[in-house]
Amino acid sequence: GAGVSQSPSNKVTEKGKDVELRCDPISGHTALYWYRQSLGQGLEFLIYFQGNSAPDKSGLPSDRFSAERTGGSVSTLTIQRTQQEDSAVYLCASSWDGSQPQHFGDGTRLSIL
Amino acid sequence: DQQVKQNSPSLSVQEGRISILNCDYTNSMFDYFLWYKKYPAEGPTFLISISSIKDKNEDGRFTVFLNKSAKHLSLHIVPSQPGDSAVYFCAASAHGDYKLSFGAGTTVTVRA
């Protein structure tokens, strides 16, 4: 069956540009999460969507980061005016109704030049 | 402030032997623990979990042990196989909290 799908798999961009990362969760999963993994680090929580509830944005590192989820399915993470410290692997996960375990996509490797 | 710690960044084990991965946590509110396995260029894959009401959970070659008083858990892989070579992440969540807190991972290499 289809797992969590993320695109693009790799993104290289210049400092100062905006980027959009996409996540398509497992069908039927109402909960969607974004994490990022910097080199040599564990996964860092960014944002959580559950159904029609207001998202938990408490993990977003700055106001340059935003995310939306349209129609309760696909989500887009946007990073404006990218900085070199934004370079990381951005991982999306989904689960049934906020329960565990979360199922992860293969991530987007973002490199800021 | 890292609430989940994996103090061994790497582990090398011979094929057929036991792999033991350790994880410590500081948040006493954590009551659900998970292990994920990650291959290069792939996302983490759920391996096994344990609730705080248990002290052991077994699934095939994988067993997770939980010591609540020590705030410590471990993952045992017996016997280790070459396909087990990967990065293993320990993760934890508190009751009613959907967020997972992750350790930095342990890279396991299984030698033939």
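General observations
- Taking B:L11, A:L39, A:L91 and ordering them by how much accessible surface each has at a 1.4 Å probe, largest first, produces A:L39, B:L11, A:L91.
- Linear extension gain, B:S12 paired with B:A70, 0.36 nm per residue minus alpha-carbon span: 18.3 nm
- Entry for chain B at q = 0.13 Å⁻¹: log10 I(q)/I(0) = -0.44, Debye formula applied to identical alpha-carbon scatterers, no solvent contribution.
- Computed over neighbours whose Cβ is under 11 Å from that of B:S52, the net charge equals +1, Lys and Arg +1, Asp and Glu -1.
- Total formal charge among the other residues, if their Cβ is under 10 angstrom from that of A:G3, Lys/Arg +1 and Asp/Glu -1: -2
- The range A:1-90: GluC sites (Glu not before Pro) in DSSP loop, at most 10 other beta carbons within 10 Å: A:E14
- Remark: for residue pairs A:K57/B:K68; A:K11/B:K99; A:K17/B:K5; B:K56/B:K99; B:K5/B:K99; A:K11/B:K38, the C-alpha separation exceeds 28 Å in A:K57/B:K68; A:K17/B:K5.
- Proximal aspartates and glutamates to B:K54, defined as alpha-carbon separation beneath 17 angstrom and excluding residues fewer than eight positions away on the same chain: B:D24, B:D31
- Separation between Cα centres of the range A:56-110 and the range B:39-112, rounded to whole Å: 23
- Among A:S66, A:S99, A:S75: highest mean-square fluctuation, GNM of chain A, C-alpha pairs under 10 Å: A:S99
- Highest-fluctuation residue, A:R81, A:R69, A:R36 considered, GNM on chain A with Cα pairs under 10 Å: A:R81
- What separates the Cα centres of the range A:2-21 and the range B:1-24 is a distance of 31 Å.
- Gain on full extension, evaluated as 0.36 nm per residue between A:R109 and A:K17 minus their Cα-Cα distance, stands at 31.5 nm.
- Environment charge at A:L43 (Cβ cut-off 11 Å; Lys +1, Arg +1, Asp -1, Glu -1): +2
The values are calculated or read from the model by the stated rules, or taken from the named source; none is laboratory data. Nothing here was measured: the structure is a model prediction, and the numbers come from that model. We place every Cβ from the backbone using ideal geometry, glycine too, and count neighbours over all the protein chains shown. Each accessible area value is taken on the protein alone, full model and side chains, heavy atoms only, with ligands, DNA and RNA left out. Shrake-Rupley method; radii C 1.70, N 1.55, O 1.52, S 1.80 Å.
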